[in-house]
Structure formats: C-alpha cells, structure tokens
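J.: Right, I'll just put the structure down here and ask away after.
Each reported figure results from applying straightforward, stated rules to the coordinates on display, with no laboratory input. Keep in mind that this is a model prediction, so the values were computed, not measured. When we count neighbours, we look across all protein chains shown, and the Cβ atoms used for this are built from the backbone with ideal geometry, even at glycine.
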Amino acid sequence: MEPNGFYHAKKYCPKCHDYVRFLQNLEASYCVACGARVRLFNAQDKRAFVRGLAADRKRAFSPTKRKRVS
C-alpha cells in the first residue's frame, strides 16, 4: 500500500510516460525529472475514472422499489 500525503503525491508526465513526483505553482505542475507539464491522469486512467463516476451516478439516481408495509 502506497502512503498518501503531500510528499508522496504523483501525477502523470506525458514526456516520461509515468507517474512522477512534481513541483507545483499557482498555475500548473511540472515533472521533477524532465520539467514537462504534468496531468492528474494518463488517458486510460482518466477514461476508467470517468466511467466509474458515471456508474456511481447512475446507481445513486436509479429508482428503488419501495416495499409495501402491511
């Protein structure tokens, strides 16, 4: 299990093709290895994240059958 926290945070660097440590300013985040601008996810992980959100939203708003109390 990977520890969470500020010093262990990683983002995806498209130039390094990996999740890397980064430096952040008010406008963007940059890879510490190559200096390229980093993103939160790579394309595949982003699609999986969005699909998961859609599934959760669908599940949360789907009508539930009410049981009759006799």
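J.: Looking at Leu53, Val32, Tyr19, which one has the Cα that reaches farthest to the positive end of the dipole of the range 6-61 (charges on Cβ: Lys, Arg +1; Asp, Glu -1)?
T.: Of the candidates, Leu53 comes out farthest on the positive side.
J.: With the Cα gyration tensor of the range 6-61 giving a ≥ b ≥ c as the square roots of its eigenvalues, does the rule (a/c under 1.5 for rounded; else a/b larger than b/c for prolate; else oblate) give rounded, prolate or oblate?
T.: Prolate, since a/c reaches 1.5 and a/b exceeds b/c.
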